[in-house]
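Read through the structure below, which is laid out as structure tokens, and then see the notes.
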Amino acid sequence: MPDTSARTGRTASRTASPRTARAINDRIALQLLEAEGPLTAHQLKVRTGLSRPTVADLVDRLRAAGLITVVGETGADRRGPNARLYGIVADRAHLAGIDVRTHGVTVAVADLLGTVRAQESVPVAEGAAPEDAVTGVYAALDRALARAGGVRPHTVAVGAPGLVDPATGRLTGTGTLPSWHGALVAGLRERLEAPLLLENEVNLAAIAECRDGAARDRDTFVLLWLGHGVGAAVFLDGRLRRGASGGTGEIGFLPVPGTPALPTAAGCDGGFHALAASPAIVELAAEYGFAPAHTEGGTDAPPAEHVVRAAVAAGPAGAGFLDALARRVTVGVAAVAAVLDPGCVVLGGEIGRAGGEALATRVATYTARMSPLYTEVRAGTVGGGAVLRGAVLAAKDAAQDDLFTPDDAAH
């Protein structure tokens, strides 16, 4: 935890009302326990700069609220109250993250610290009736909650493609999305007793890369999502930016000279999507002799992901295709750099993950030739579960905001 948190705690104790100061100090202590693991009261005193009596009262309050408990002792020669290690009660609340894709849904149930306790996936056939798709997702969520110990979620976060209107919270498509997506979100809101957070899938993937992945050391960066579709998520000064209509990062609609047509309000077929989305990548790969095939074990990988992995594994034989792909991706990266100057772009999604450093290094080279603005290009590291991980983290943050703030601190 940065030193500024401890300084904030001391300042709050001197200038805020006693009730507000207690709430701030409690929150700082809980953040320390989450970031560093179990700590003694003395360690909390040192890290927060609070007095011994203040820390003692803080510990008593948090234990009475069921948020922390004694998890052990420290020091071979020390026993008693000063040696007790306090940790957050992870089972104080549970949460769920839901990753909604075109052909299926994955659900994860986690504890208050974000540790996943159970995970379930359910495929959804193309053309499936909305009611059948929704019923299957409900069943997957129920199975995951049962496997986690029959818990009820305190908060649920859902990641889905499309725009999330900040005024209404409704999901709207930016192209052709399955009709069951909207039905699922509406049904979950009616069915669940827990608060439901709806977020664009790329934004959640960016949260995962920011907290657990390639952008952990950055407070300003852009995640460029390369998969079945393309998109971007924007972090500026440590904050996720969504825009007036929730459409920040809809880079698939970026007009690109040389594509067959211009994008329209109803679809992005003539934009950056037509240059760097999966179908376009498969066509490009065919020009270089790479075609989709079965992966090891007899399962099919998404075609574009497969051909990119094959090109990386082929070494010099795949260099021509990777160079051509990198030049296409650079169009999007250079546009982002020109408008936002983020200093760092992370390549995520199935294609970004498959291309890894081989693709990221090429994109960085071409970007440096195209733009005078220095832009570091990194390969995403969270992996295929980035959206689901981001959903869990978003739900965890919301649950902690609720539970870590005493009821009387809001008044």
Per-residue ³J(HN,Hα) for region 310-324, Karplus 6.51 cos²θ - 1.76 cosθ + 1.60, θ = phi - 60°, Hz, x for Gly and Pro
5, 5, 5, 5, 6, x, x, 5, x, 5, x, 5, 5, 4, 5
Taking a ≥ b ≥ c as the square roots of the eigenvalues of the Cα gyration tensor, with a/c under 1.5 meaning rounded and otherwise prolate when a/b exceeds b/c and oblate if not, region 164-261 is oblate
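How big is the charge dipole of the chain about its Cα centre, in debye rounded to the nearest 20, if each Lys and Arg gets +1 on its Cβ and each Asp and Glu gets -1 on its Cβ? Spell out each step's value before the answer.
Working: 38 positive and 43 negative charges, 304 e Å.
Its charge dipole is roughly 1460 debye.
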Can you compute the FRET efficiency between T168 and R369 using 1/(1 + (r/R0)^6), with r the Cβ-Cβ distance and R0 = 35 Å? Round to the nearest 0.05.
0.20
Using the charge dipole of region 95-140 (Lys, Arg: +1 at Cβ; Asp, Glu: -1 at Cβ; taken about the Cα centre), state which of G127, A110, Y138 has its Cα farthest towards the positive end.
A110
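Once you have a ≥ b ≥ c as the square roots of the Cα gyration tensor eigenvalues for the chain, tell me rounded if a/c is under 1.5, and otherwise prolate or oblate according to whether a/b is larger than b/c.
Verdict is prolate for the chain.
Based on the mean of other beta carbon atoms within 10 Å per residue, what is the order of 323-331, 152-160, 52-60, most packed first?
152-160, 323-331, 52-60
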For region 325-411, convex hull volume per residue from C-alpha positions, Å³
114 Å³
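Taking the solvent-accessible surface of protein heavy atoms with a 1.4 Å probe, what is the per residue accessible area of the chain in Å²? Mind dumping the intermediate values first?
Working: 18800 Å² over 411 residues.
Accessible surface, normalised per residue, equals 46 Å².
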In degrees from 0 to 90, rounded to the nearest 10, what is the angle of the helix 349-370 Cα long axis to the longest principal axis of the chain?
70 degrees
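Probe radius 1.4 Å, ligands and nucleic acids left out: which of D269, D99 has the largest accessible area, and how do the rest follow?
Values: D269 120, D99 10 Å².
The residues order as D269, D99, largest area first.
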List the residues, sorted by chain then number, that are 5 or more residues from R170 or on another chain and whose placed amide H is less than 5 Å from its amide H.
D165
Once label points are set 7 Å from the Cα along Cα→Cβ at both R147 and D217, what is their separation, rounded to one decimal in nm?
3.6 nm
At 0.36 nm per residue, and after removing the present C-alpha to C-alpha distance, how many nm does the segment from A56 to S121 gain when stretched out fully?
18.9 nm
What angle do you read, to the nearest 10 degrees and between 0 and 90, between the alpha-carbon axis of helix 18-36 and the longest principal axis of the chain?
60 degrees
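Roughly speaking, what is the stretch gain from T405 to R19, that is 0.36 nm per residue apart minus the C-alpha to C-alpha distance, in nm to one decimal? The partial results should precede the final answer.
Working: separation 386, 0.36 × 386 = 138.96 nm, distance 1.11 nm.
Working it through step by step, the gained length comes to 137.9 nm.
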Taking the chain as a Gaussian network, Cα atoms linked when under 10 Å apart, which of H181, H103, H306 shows the biggest mean-square fluctuation?
H103
May I ask for the angle, rounded to the nearest 10°, between helix 52-64 and the longest principal axis of the chain, with both axes built from Cα atoms and the value confined to 0 to 90°?
70 degrees
Residues with amide H under 5 Å from that of C344, placed H, sequence gap 5 or more
V222, E376
How large is ³J(HN,Hα), in whole Hz, for each residue of region 178-187 in order, when computed from phi with the Karplus curve 6.51 cos²θ - 1.76 cosθ + 1.60 and θ = phi - 60°, using x for Gly and Pro?
x, 5, 6, 4, x, 5, 5, 4, 4, x
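Once you have the Cα-Cα distance between V46 and T259, take 0.36 nm times their residue separation minus that, and quote the gain in nm to one decimal.
Values: separation 213, 0.36 × 213 = 76.68 nm, distance 6.07 nm.
Length gained, V46 through T259: 70.6 nm.
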Only Lys, Arg, Asp and Glu count, each charged at its Cβ (+1, +1, -1, -1), so figure out the dipole size of region 16-161 about its Cα centre, rounded to 20 debye.
880 debye
Debye intensity ratio in log₁₀ form over the Cα atoms of region 311-355, taken at each q of 0.17, 0.25, 0.30 Å⁻¹:
-0.56, -0.94, -1.08
Could you check which residue among V100, V339, V308 shows the biggest mean-square fluctuation in a GNM of the chain with a 10 Å Cα cutoff?
V339
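The values are calculated or read from the model by the stated rules, or taken from the named source; none is laboratory data. Quick caveat: nothing in here was measured; it's all calculated off a predicted structure. Please note: Cβ atoms are built from the backbone with ideal geometry, for glycine as well, and neighbour counts cover all protein chains shown. Please note that ligands, DNA and RNA were not included when accessible areas were found on the heavy atoms of the full protein model with its side chains. Shrake-Rupley method; radii C 1.70, N 1.55, O 1.52, S 1.80 Å.
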